[in-house]
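Let me begin by presenting the structure, written as C-alpha coordinates, before commenting on it.
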Amino acid sequence: MTLYSPAQSLDQPRTGDSQRRFDIVTIGLHWATVTLIAGLFGSAWLLLASDREHAAMLLTIHRSLGVLTWAVAIVRLGWRFSYAYLPPFPQNMPKVQQRLAKTSEYGLYALLLFQPLTGLAQSLARGRHFMLFAWQVPKVMAGDKPLTMFFHQIHTVSAWVLLALIGLHILAALFHRFVLRDEVLQSMLPWRATPATGPAPKSF
(Lines give C-alpha, C1' and ligand atoms only; values in the text may rest on other atoms or scores of the structure.)
Protein backbone atom coordinates (compact mmCIF):
# COMPACT_ATOMS: atom_id res chain seq x y z
CA MET A 1 0.00 0.00 0.00
CA THR A 2 1.73 3.17 -1.16
CA LEU A 3 1.30 6.06 1.24
CA TYR A 4 2.99 8.83 -0.70
CA SER A 5 2.17 10.79 -3.81
CA PRO A 6 4.14 13.61 -5.46
CA ALA A 7 0.84 15.49 -5.69
CA GLN A 8 0.45 15.64 -1.93
CA SER A 9 3.07 18.38 -1.66
CA LEU A 10 0.50 20.67 -3.32
CA ASP A 11 -1.98 20.05 -0.52
CA GLN A 12 -2.30 22.31 2.44
CA PRO A 13 -0.68 20.98 5.60
CA ARG A 14 -2.90 18.64 7.56
CA THR A 15 -2.94 17.91 11.22
CA GLY A 16 -4.33 15.25 13.52
CA ASP A 17 -6.04 12.08 12.37
CA SER A 18 -6.73 13.37 8.83
CA GLN A 19 -2.98 13.50 8.13
CA ARG A 20 -2.75 9.73 8.62
CA ARG A 21 -5.73 8.84 6.41
CA PHE A 22 -6.30 8.68 2.69
CA ASP A 23 -8.91 11.02 1.24
CA ILE A 24 -12.50 9.80 1.18
CA VAL A 25 -12.57 9.22 -2.61
CA THR A 26 -9.46 7.03 -2.51
CA ILE A 27 -10.91 5.03 0.38
CA GLY A 28 -14.25 4.62 -1.41
CA LEU A 29 -12.60 3.47 -4.65
CA HIS A 30 -10.39 1.04 -2.73
CA TRP A 31 -13.33 -0.70 -1.06
CA ALA A 32 -15.36 -0.66 -4.26
CA THR A 33 -12.45 -2.54 -5.86
CA VAL A 34 -12.38 -5.01 -2.96
CA THR A 35 -16.11 -5.69 -3.42
CA LEU A 36 -15.74 -6.16 -7.18
CA ILE A 37 -12.79 -8.53 -6.81
CA ALA A 38 -14.70 -10.59 -4.26
CA GLY A 39 -17.56 -10.82 -6.75
CA LEU A 40 -15.18 -11.81 -9.55
CA PHE A 41 -13.55 -14.65 -7.64
CA GLY A 42 -16.87 -15.73 -6.16
CA SER A 43 -18.57 -15.91 -9.56
CA ALA A 44 -15.55 -17.72 -11.06
CA TRP A 45 -15.58 -20.40 -8.36
CA LEU A 46 -19.35 -20.81 -8.61
CA LEU A 47 -18.96 -21.16 -12.36
CA LEU A 48 -16.63 -24.14 -11.90
CA ALA A 49 -19.31 -25.97 -9.92
CA SER A 50 -22.36 -24.80 -11.88
CA ASP A 51 -24.49 -26.67 -14.40
CA ARG A 52 -25.15 -25.52 -17.94
CA GLU A 53 -28.39 -23.82 -16.86
CA HIS A 54 -26.63 -21.36 -14.56
CA ALA A 55 -23.29 -21.07 -16.40
CA ALA A 56 -24.49 -18.40 -18.85
CA MET A 57 -25.83 -16.18 -16.08
CA LEU A 58 -22.64 -16.55 -14.02
CA LEU A 59 -20.49 -15.79 -17.06
CA THR A 60 -22.49 -12.63 -17.71
CA ILE A 61 -22.04 -11.56 -14.07
CA HIS A 62 -18.32 -12.38 -14.17
CA ARG A 63 -17.69 -10.48 -17.41
CA SER A 64 -19.72 -7.48 -16.26
CA LEU A 65 -17.88 -7.29 -12.94
CA GLY A 66 -14.60 -7.52 -14.85
CA VAL A 67 -15.49 -4.50 -16.97
CA LEU A 68 -16.51 -2.57 -13.85
CA THR A 69 -13.23 -3.51 -12.14
CA TRP A 70 -11.27 -2.31 -15.16
CA ALA A 71 -13.17 0.99 -15.21
CA VAL A 72 -12.73 1.55 -11.46
CA ALA A 73 -8.99 0.84 -11.78
CA ILE A 74 -8.68 3.55 -14.44
CA VAL A 75 -10.62 6.01 -12.27
CA ARG A 76 -8.39 5.12 -9.29
CA LEU A 77 -5.22 5.77 -11.26
CA GLY A 78 -6.58 9.06 -12.60
CA TRP A 79 -7.56 10.19 -9.11
CA ARG A 80 -4.31 8.95 -7.56
CA PHE A 81 -2.11 11.00 -9.87
CA SER A 82 -4.24 14.15 -9.75
CA TYR A 83 -6.20 14.92 -6.58
CA ALA A 84 -5.60 12.07 -4.12
CA TYR A 85 -4.13 12.69 -0.69
CA LEU A 86 -1.79 9.81 0.18
CA PRO A 87 -0.37 9.98 3.70
CA PRO A 88 3.39 9.51 4.11
CA PHE A 89 4.98 6.25 5.14
CA PRO A 90 5.62 5.78 8.86
CA GLN A 91 8.93 7.42 9.77
CA ASN A 92 10.44 4.17 11.03
CA MET A 93 9.51 2.16 7.92
CA PRO A 94 12.71 0.94 6.15
CA LYS A 95 13.33 2.15 2.59
CA VAL A 96 13.40 -1.43 1.31
CA GLN A 97 9.95 -2.05 2.76
CA GLN A 98 8.70 1.19 1.21
CA ARG A 99 9.96 0.11 -2.21
CA LEU A 100 8.33 -3.31 -1.80
CA ALA A 101 5.04 -1.65 -0.87
CA LYS A 102 5.19 0.54 -3.98
CA THR A 103 6.08 -2.43 -6.19
CA SER A 104 3.17 -4.42 -4.77
CA GLU A 105 0.78 -1.53 -5.36
CA TYR A 106 1.86 -1.03 -8.97
CA GLY A 107 1.64 -4.78 -9.54
CA LEU A 108 -1.95 -4.77 -8.27
CA TYR A 109 -2.85 -1.87 -10.54
CA ALA A 110 -1.25 -3.60 -13.53
CA LEU A 111 -3.19 -6.81 -12.91
CA LEU A 112 -6.47 -4.95 -12.32
CA LEU A 113 -6.04 -3.40 -15.77
CA PHE A 114 -4.65 -6.51 -17.50
CA GLN A 115 -6.85 -9.27 -16.09
CA PRO A 116 -10.23 -8.04 -17.44
CA LEU A 117 -8.69 -7.55 -20.89
CA THR A 118 -7.52 -11.16 -21.05
CA GLY A 119 -11.01 -12.31 -20.11
CA LEU A 120 -12.55 -10.11 -22.79
CA ALA A 121 -10.05 -11.37 -25.35
CA GLN A 122 -10.95 -14.95 -24.43
CA SER A 123 -14.66 -14.22 -24.91
CA LEU A 124 -14.08 -12.57 -28.30
CA ALA A 125 -11.82 -15.39 -29.50
CA ARG A 126 -14.66 -17.87 -29.00
CA GLY A 127 -16.28 -16.36 -32.07
CA ARG A 128 -19.73 -16.03 -30.50
CA HIS A 129 -21.88 -13.20 -29.24
CA PHE A 130 -22.10 -12.84 -25.46
CA MET A 131 -23.90 -10.75 -22.88
CA LEU A 132 -22.26 -7.88 -21.02
CA PHE A 133 -24.54 -6.24 -18.45
CA ALA A 134 -27.85 -6.03 -20.34
CA TRP A 135 -26.27 -5.71 -23.79
CA GLN A 136 -25.29 -8.31 -26.31
CA VAL A 137 -21.75 -8.01 -27.67
CA PRO A 138 -21.79 -9.18 -31.31
CA LYS A 139 -19.48 -11.75 -32.80
CA VAL A 140 -16.40 -9.95 -34.15
CA MET A 141 -14.26 -12.85 -35.40
CA ALA A 142 -14.40 -16.49 -36.31
CA GLY A 143 -13.93 -18.90 -33.44
CA ASP A 144 -10.27 -19.73 -32.79
CA LYS A 145 -9.92 -22.54 -30.24
CA PRO A 146 -6.11 -22.34 -29.80
CA LEU A 147 -6.31 -18.58 -29.30
CA THR A 148 -9.19 -19.01 -26.86
CA MET A 149 -7.18 -21.53 -24.83
CA PHE A 150 -4.14 -19.22 -24.93
CA PHE A 151 -6.09 -16.33 -23.42
CA HIS A 152 -7.79 -18.70 -20.98
CA GLN A 153 -4.41 -19.87 -19.66
CA ILE A 154 -3.16 -16.31 -19.31
CA HIS A 155 -6.39 -15.31 -17.57
CA THR A 156 -6.08 -18.22 -15.13
CA VAL A 157 -2.40 -17.66 -14.29
CA SER A 158 -2.83 -13.91 -13.82
CA ALA A 159 -5.86 -14.57 -11.58
CA TRP A 160 -3.68 -16.67 -9.26
CA VAL A 161 -0.96 -14.01 -9.31
CA LEU A 162 -3.57 -11.38 -8.45
CA LEU A 163 -4.87 -13.55 -5.60
CA ALA A 164 -1.32 -14.00 -4.28
CA LEU A 165 -0.66 -10.25 -4.35
CA ILE A 166 -3.94 -9.58 -2.58
CA GLY A 167 -2.97 -12.11 0.09
CA LEU A 168 0.40 -10.40 0.60
CA HIS A 169 -1.35 -7.04 0.72
CA ILE A 170 -3.68 -8.25 3.48
CA LEU A 171 -0.85 -9.87 5.45
CA ALA A 172 1.21 -6.68 5.22
CA ALA A 173 -1.72 -4.58 6.47
CA LEU A 174 -2.28 -6.95 9.42
CA PHE A 175 1.46 -6.95 10.18
CA HIS A 176 1.43 -3.15 10.37
CA ARG A 177 -1.64 -3.21 12.59
CA PHE A 178 -0.79 -5.92 15.10
CA VAL A 179 3.03 -6.16 15.03
CA LEU A 180 4.39 -2.74 14.08
CA ARG A 181 1.31 -1.05 15.62
CA ASP A 182 1.35 1.92 13.25
CA GLU A 183 -1.51 3.61 11.34
CA VAL A 184 -1.03 2.02 7.91
CA LEU A 185 -4.12 -0.20 8.10
CA GLN A 186 -6.29 2.46 9.74
CA SER A 187 -5.41 4.91 6.97
CA MET A 188 -7.57 2.97 4.48
CA LEU A 189 -10.42 1.82 6.72
CA PRO A 190 -13.84 3.31 5.85
CA TRP A 191 -14.27 4.15 9.54
CA ARG A 192 -11.94 5.83 11.98
CA ALA A 193 -10.18 3.25 14.15
CA THR A 194 -8.25 3.73 17.34
CA PRO A 195 -4.49 3.15 17.16
CA ALA A 196 -3.25 -0.36 17.96
CA THR A 197 -1.46 0.58 21.14
CA GLY A 198 -0.36 -1.65 23.96
CA PRO A 199 -2.49 -2.24 27.05
CA ALA A 200 -3.39 0.88 28.98
CA PRO A 201 -1.53 1.44 32.22
CA LYS A 202 -3.42 0.50 35.36
CA SER A 203 -4.72 3.31 37.48
CA PHE A 204 -4.19 3.22 41.24
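The values are calculated or read from the model by the stated rules, or taken from the named source; none is laboratory data. No experiment lies behind these values; they were computed from the predicted model shown. Here the Cβ positions follow ideal geometry from the backbone for every residue, glycine too, while neighbour counts run over all protein chains shown. The area values use the complete protein model at the heavy-atom level, side chains included, leaving out ligands, DNA and RNA. Shrake-Rupley method; radii C 1.70, N 1.55, O 1.52, S 1.80 Å.
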- Query: Under 5 Å between amide H atoms, partner at least 5 residues away or on a different chain: which partners does residue 137 have, H built in plane at 1.01 Å?
  - Reply: 130, 131, 132
- Query: At what distance in angstrom do the alpha carbon centres of segment 18-73 and segment 95-118 lie from each other?
  - Reply: 17
- Most packed first (mean Cβ within 10 Å per residue), the peptides 119-127, 168-176, 183-191 order as 119-127, 183-191, 168-176
- Between Rg and the Kirkwood Rh of segment 113-183, both from Cα atoms, what is the Rg to Rh ratio? 1.26
- Determine one quarter of the surface area of the Cα convex hull of segment 51-105, which equals its mean projected area, and express it in nm² to one decimal. 6.0
- Using a probe of 1.4 angstrom, how much of the accessible area of segment 77-199 is carbon and sulfur, in percent? 71
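When ligands, DNA and RNA are left out and all protein chains stay put, how many square angstrom of accessible area per residue does segment 124-196 have with a 1.4 Å probe?
On the way: 4870 Å² over 73 residues.
Roughly 67 Å² per residue, with all protein chains present.
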- In nm, give the distance between the simple-model label positions of residue 147 and residue 81, each being 7 Å from the Cα along the Cα-to-Cβ direction. 3.0
- Message: Taking the Cα of residue 27, stepping 7 Å toward and past its beta carbon, and measuring to each backbone N in segment 67-83: which are under 12 Å?
- Response: none
- Kindly write out, for segment 141-157 in residue order, the coupling ³J(HN,Hα) from the Karplus curve 6.51 cos²θ - 1.76 cosθ + 1.60 (θ = phi - 60°), rounded to whole Hz, with x marking Gly and Pro. 7, 6, x, 10, 5, x, 5, 4, 5, 4, 5, 5, 5, 5, 4, 5, 4
